[in-house]
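Below you'll find the structure, written out as C-alpha cells, and then a few comments.
The values are calculated or read from the model by the stated rules, or taken from the named source; none is laboratory data. This is a predicted model, so every value here is computed, not measured. Cβ sites come from the backbone with ideal geometry, for glycine too, and all protein chains shown count toward neighbours. Surface accessibility is based on the protein's heavy atoms, side chains included, excluding ligands, DNA and RNA. Shrake-Rupley method; radii C 1.70, N 1.55, O 1.52, S 1.80 Å.
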Amino acid sequence: MQTMKYFFYTFLTAFSSVTFGQSLTDSIALEKIKTTSNSNSSISQAIRQLADINGPRLLGTLNYYNSANWAKQELKRFGTDTAYFESFDKQYRGWTVKSFNMEMTKPNFMHIIAYPLAYTKSTKGTIVAPVTFLANNDSLKYLKGKLKGKILLLGQDFYSFNTSHQILSDRVSKELLQQAAENPDPNDLMIGYHSRRSTNEAIASQEQRRVDFKSFFQFCEQEGVVALIEPSDYPYGILHTDGNHNVPSYNKQKNITPIASFVIANEHFGRLVRLIASGITPTIKLNLETTFNYNPEYNINVVADIKGTDKELSEQQVIIGAHLDSWHGGTGAVDNAAGCAVMLEAIRILKASGLRPKRTIKICLWGGEEQVFAGSRAYVNNHVGNLDNGNKKKDFQNISAYFNLDNGTGKIRGIYTQGNSKVKPIFEEYFSPFKASGNGTVTLQNANQTDHELFDALNIPAFQFIQDPLNYISVVHHTTMDVAEYVNENDLKESAIIVAYLIYKVANQETLLPRRDFISVLPNLAGSTTFFIEGFENAKSVSLVSDFNNWNMFGTPLAKVKGGWSCKLDLSKGKYLYKYIIDGDWTADPKTPKEKLLKDGKGHAGLTEVVVK
Ligand SMILES: [Zn+2]
C-alpha cells in the first residue's frame, strides 16, 4: 500500500514538473534522484570523516591514505561494481606538522598567528632570535655575512589589505549568469576563477621556481638563518598555507627541503615591519617540529565503476571526479572534501535509485591535485593520451565526458563548456529542469586549474561546474580556515542531484558527447608557407595553433632544424592568425614586435597574421 501510494505520488509530481525539453521518463528519473537524495544522504558523514576525523590530506601522508581507504569502502557500500586504487608516480613524499609555536618577545609580548608552510624542516628546538627584513630578493646580496642566528621576514609579497569593502561570501547574480550564458568568448573570464592556460606551463614555472628557491634556501642555511617568515595574503588573520613558494619540495627526487618556514597573519607581519622601520628590532621565540615520510603506496587515486547495462555502450564511460587531497593548514573541508562528498553522493544516488545507466559511470578521486595534478595527470597519461605529444591511448575514443567539481562548497549554478559550442544546446536541455531554480546556466567560458584540464587538453569533453563562490576565494581557499564550518551541506545536496541527473542523461543518450572540432594541418614538404622559430634548442616539442587548425594544440607540429624549429604547410589562400606552443607554453612569435601582436576577438591574444596568396 505504502509503495503504491508512493509510486502514484511520484508519478503525479513527475508529470506535473516536466519542463521543456524533458521527457516523462526523464522527469520520473529526476524524481527518483530527488527522493533518493532525501533518504540516507552520505554528505554529512563524508565531511565529518574526511575533514574532521582524517584531517588535512596532503599528498603522500597517512591522512590521505586513510581517506582513500575510507572512500573506497564507501563506494563498495554504495554497491559499485568495482572500487580500487590506481597508483601514480612514486616519487612523492609526505610531510606532517607535529608541533610549533611562535611569539614575539621583544619589545613586548604578542602571540603570533602563524602556520608552517608545507615540506619545511624542523628547527633545532626552541629558538629566540632577532628578525631582519628582506624587502626583496635583490637586496639579499647585501645581507651576506649578516644573517647568522636571525629570522628573516620575506617582504617581497607584503602589502596591506583594505578589507573594508571586501565581500566575504556571495552567490553569483542572476544577471551575471545571464551574461555568461550569452557570452560567445570562452576566454572571457566573466565568472569563476581561471581561464585557459596550460598545465605544462604551470609545471615549467614551478621548475623555474625550484631552481631559484633551491639556491635561496641553501644560501639561508649557509648564512645561518634560523627561520623564514612571510605574510599571509588573506586579511583577518587568515593564513594562506600552501606550498613553500610552490617549489616541488614534495618530490623526493628534486631533493629540496626548505628551512623552517612560516606564514603569519598579515596584520602581525605588518606590525613587525613597522617596528623595524621605527628602529626597533623585534625578537621572536619559535619552534617547529615536522616529520617527512616516504610511502609510495600512498600515491594513489581512488577509482570505482558502475558498469553500464547496455552491452555495446557499456564499453563507453562517463567519468566524474574531484580531488581527495588537500593542503595542510585547515582540514580541506571545502577544498575539496566538499567536491568529493558531492561526487560520492551522486554515485550513491544512482545506485540506490535503481536507475540503470547504459554507459559505464566511473568516479575518480584524485591525489596530488594541489601538486600540479599529480593524480589526474598520471591517469590521463596512462589511459587517455600522452599529454606531451597528444598520442592517443585506449580510453580516448570511449570517454563521453569527464565532469569535475572543485570550486568550493557553493551549489552548482550551471556548467562551463570550454568553448564547445556543440555541447552547449545538449547541456541546455539537460539543465532545463534546474533552470527555474536558477541553477541551469550553460556558458561557453573556459574554467581551468583543476583536474578536468588534463582531459580537456586532449579534447575529451571535460567540464567544471559553475558554483556559487560563497567564502571560497575570500576565506577558505588553501587557508587555515578551510574547515567544516564553511561547508554548506544544503548546497552540496542540491549539487549531488544535478550531477546524478546529468551523468544519468549523458550515460543514456544515443551518442557520445560531441567534441570540439580540432583540425590537424600536418606539415607538407610541398607546402608553400614556411613557419620558422629561432632557438629553443632544448624544447621537447613545438607546434602551431591557429584559426587554420581551430586552435588544436597538437594539430600542427614543427620539426627541429638547424637553429630552431620549422614546418612547411599547404594552406589555401587567405589570412590566418597564429602563435606557437613550446613545451605546452602558448608563445607569441618572437619575430613580431609586442605592439604589433593581434587579438582574434574570440579570446586568443598575442597573435601574428600570416597572409597566403
Ligand atoms: Zn581544489
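Take Asp335 and tell me if it is within 16 Å of the ligand (Cβ to nearest atom), assigned to a helix (DSSP H, G or I) and either under 17 Å from the mean Cα position of the chain (by Cα) or within 30 Å of Ile473 (Cβ to Cβ) (or both). For Asp335, the condition - within 16 Å of the ligand (Cβ to nearest atom), assigned to a helix (DSSP H, G or I) and either under 17 Å from the mean Cα position of the chain (by Cα) or within 30 Å of Ile473 (Cβ to Cβ) (or both) - is met. Check the range 430-445 and report whether any residue there is within 16 Å of the ligand (Cβ to nearest atom), open to solvent by 10 Å² or more (accessible area, probe 1.4 Å) and modelled with pLDDT under 95. No, there is no match, as no residue in the range 430-445 is within 16 Å of the ligand (Cβ to nearest atom), open to solvent by 10 Å² or more (accessible area, probe 1.4 Å) and modelled with pLDDT under 95.
If you go through the range 338-366 and pick out every residue that is assigned to a helix (DSSP H, G or I) and either within 16 Å of the ligand (Cβ to nearest atom) or open to solvent by less than 10 Å² (accessible area, probe 1.4 Å) (or both), you end up with 12.
Considering only residues in the range 302-312 that are within 27 Å of the chain's Cα centre (by Cα) and surrounded by 21 or more Cβ atoms within 10 Å (Cβ to Cβ), the one that is farthest from Thr511 (Cα to Cα) turns out to be Val302. Residues that are away from the ligand (no atom under 12 Å from the Cβ) and open to solvent by less than 10 Å² (accessible area, probe 1.4 Å) were ranked within the range 459-474; the one that is farthest from Gly339 (Cα to Cα) is Ile460.
Determine whether Asp388 is of a type in the set (Asp, Glu), surrounded by fewer than 23 Cβ atoms within 10 Å (Cβ to Cβ) and either modelled with pLDDT under 95 or within 16 Å of the ligand (Cβ to nearest atom) (or both). So Asp388 passes the test. Is one or more of the residues making up the range 59-66 touching a Cys at 6+ places or on another chain (Cβ under 9 Å) and in a helix (DSSP H, G or I)? No, because not a single residue in the range 59-66 is touching a Cys at 6+ places or on another chain (Cβ under 9 Å) and in a helix (DSSP H, G or I).
For the range 179-193, the count of residues that are over 23 Å from Val97 (Cβ atoms), modelled with pLDDT under 85 and of a type in the set (Ser, Thr, Tyr) is at least one.
The set of residues in the range 313-327 being open to solvent by less than 10 Å² (accessible area, probe 1.4 Å) and either under 16 Å from Lys505 (Cα atoms) or away from the ligand (no atom under 13 Å from the Cβ) (or both) consists of Val318, Ile319, Ile320. Scan Asn299, Asn287, Asn295 and give me the residue that is more than 16 Å from the ligand (Cβ to nearest atom), closer than 28 Å to Thr450 by Cβ, of a type in the set (S, T, N, Q) and open to solvent by 30 Å² or more (accessible area, probe 1.4 Å). Only one candidate passes the filter, namely Asn295. Just to be sure before I move on: is Ala447 under 18 Å from Gly584 (Cα atoms) and in contact (Cβ under 8 Å) with a residue 24 or more places away in the chain in the structure I sent? Yes; evaluated as a whole, the condition is true for this residue. Checking each residue in the range 565-589 for being in contact with an Asp or Glu (Cβ under 8 Å, 6 or more places away or on another chain), surrounded by fewer than 17 Cβ atoms within 10 Å (Cβ to Cβ) and assigned to a loop (DSSP other than H, G, I, E, B) picks out no residue at all.
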